Every structure is written in structure tokens, then in C-alpha cells.
Amino acid sequence: MIVQRVVLNSRPGKNGNPVAENFRVEEVNLPENINEGQVQVRTLYLSVDPYMRCRMNEDTGSDYITPWQLSQVVDGGGVGIIEESRHTNFTKGDFVSSFYWPWQTKVILDGSILEKVMYNVKWFPLPSTPP
């Protein structure tokens, strides 16, 4: 299956403003099979946060934030819906979130980094039925 992902194309520099050219959209093959303990998830929401600016450079200015690598998929917080599961805690149709979500349309993740989104709140709408 072909999916789209966003990778870091170039670094803006310590004081440079990020521009569209710092990123690139690629198409890649998602493996057909998932391993025990993994899930295949369709991305619904991605979080774009101020701290991500630090991750765009090799020196993030912090010991607890790792830099994104050139030509590698960027990541951050995300929410999605499980399309296939080989993890005992998750089933197809579950909404899940993680702070380690690759920016791609569909992704295979280890279930250990996921949390179920248990309820729908007004400020964070989820589809009433899986799309």
C-alpha cells in the first residue's frame, strides 16, 4: 500500500524561519503485514507545536528533545483510527493517540506507545462512526 509522508528536507538554521521548502512529501510503501503487538492506523489529526521548531536543527538547544534527521519522516503528537490490529489491547475501529506519531497518512505502530481515546469531547471531535 502506498502512503504519503512528510520528511525534513533541509534545516532553516538557528535563526531562520521555517519555510515550505524545509519539508518534502514522499510516497512510500507501507508493509503489507504487521507483526504481533503492532497496529495499522489511519492518521486523523497531527499536532503542530512550537517545540517542533527546535527539532528542525541538529542542535535543539535541549537535552530532552531529539532533532529530526534529514530525509526522515517527522513526528509528533497524533490521533488515528485502527484499521488492523495484532495487539491484544486494540481492535479495528479504536481511536488511539501517541506523542510519537510519524507524519504519514497511514502508519504501523507498536501498540506499547498508544493510548485509547476513550470519549468524544466538543473541542476534540472524532467521527461518530469510523470513516
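The values are calculated or read from the model by the stated rules, or taken from the named source; none is laboratory data. This one's a predicted model, so the numbers in the text were calculated from it and none came from an experiment. Positions of Cβ are generated from backbone atoms using ideal geometry, with glycine treated the same way; all protein chains shown enter the neighbour counts.
Numerical summary
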read-out: Long-range neighbours under 8 Å by Cβ, at least six apart or interchain, first residue within 15 Å of K92 (Cα to Cα) and hydroxyl-bearing (S, T, Y) within the range 35-58, second in a loop (DSSP other than H, G, I, E, B) and modelled with pLDDT of 90 or more; value: T43/W103; T43/T105
read-out: Qualifying residue in the range 18-29 (condition: touching a Cys at 6+ places or on another chain (Cβ under 7 Å), among the hydrophobic types (A, V, I, L, M, F, W, C) and free of Cβ contacts under 8 Å to residues at least 24 places away in the same chain); value: no
read-out: Failed item in (1) modelled with pLDDT of 95 or more; (2) closer than 20 Å to V3 by Cα; (3) of a type outside the set (D, E, K, R), with G37 passing the rest; value: (2)
read-out: Filter result for V117 (surrounded by 12 or more Cβ atoms within 10 Å (Cβ to Cβ) and at pLDDT 95 or above); value: no
read-out: Which numbered condition G61 fails, given (1) surrounded by fewer than 14 Cβ atoms within 10 Å (Cβ to Cβ); (2) under 14 Å from the mean Cα position of the chain (by Cα); value: (2)
read-out: Residue among R5, R42 that alone is part of a strand (DSSP E or B) and surrounded by fewer than 17 Cβ atoms within 10 Å (Cβ to Cβ); value: R42
read-out: The range 68-97, residues that are buried (at least 17 other Cβ atoms within 10 Å of the Cβ), over 15 Å from the mean Cα position of the chain (by Cα), assigned to a loop (DSSP other than H, G, I, E, B) and not aromatic (F, W, Y); value: H87, D94
read-out: Residues (surrounded by 10 or more Cβ atoms within 10 Å (Cβ to Cβ) and either at positive phi or outside any loop (DSSP other than H, G, I, E, B) (or both)) located in the range 14-39; value: N22, F23, R24, V25, E26, E27, V28, G37, Q38, V39
read-out: Sole exception among (1) in contact (Cβ under 8 Å) with a residue 12 or more places away in the chain; (2) at positive phi for G61, by number; value: (1)
